[in-house]
Amino acid sequence: MTDIHISAADGGPDDLPRTFRRERDAQRDARDREVRERANAAEQAYAPEPAMAAFAPEAHDYGIERPSGVVTHIDVPFMRLVAFFIKAVFAAVPALIILGLMLWGMGQALTAYAPWLLKMKILITFPN
């Protein structure tokens, strides 16, 4: 196995004159400072109402930038909302049929491969 050795004298990452390294570090610090300031500004811009403070998310960053706005109201006409839900119901019907067929097929396979399982039929009769 080849041994990879990087040192400052053979073109490694720190094989730069001292002034260039200082400039590189200064630029890196400036970028980090700008990111922190932007995150602080976004955090200060997000101030929940006092009544909703109990439901506000905790102030963890997790490396994700928060959105710049908060949705407070969605104005959708009632008939368009009804039409959307009717379409959703029609879209769900084939999925329910496929799910029913899959469950029926699994039941048939279980009956075929494990006939010793108890198969019970409930007969309901009504007196005349």
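Looking for whichever is small (Gly, Ala, Ser) and either at pLDDT 80 or above or not in a helix (DSSP H, G or I) (or both) here; the options are 109, 51. Which one fits?
Details: 51 fails: either at pLDDT 80 or above or not in a helix (DSSP H, G or I) (or both).
Among 109, 51, only 109 is small (Gly, Ala, Ser) and either at pLDDT 80 or above or not in a helix (DSSP H, G or I) (or both).
Looking at region 72-92, I want the residues that are at pLDDT below 95 and have a partner that is open to solvent by 90 Å² or more (accessible area, probe 1.4 Å) with Cβ atoms under 9 Å, at least 6 apart or on another chain. Which pairs are those?
Hits for this filter: 76/84.
The values are calculated or read from the model by the stated rules, or taken from the named source; none is laboratory data. Predicted, not measured: the structure shown is a model, and the values here were computed from it. We place every Cβ from the backbone using ideal geometry, glycine too, and count neighbours over all the protein chains shown. Just so you know, the surface numbers come from the protein's heavy atoms only, side chains and all, with ligands and any DNA or RNA stripped out. Shrake-Rupley method; radii C 1.70, N 1.55, O 1.52, S 1.80 Å.
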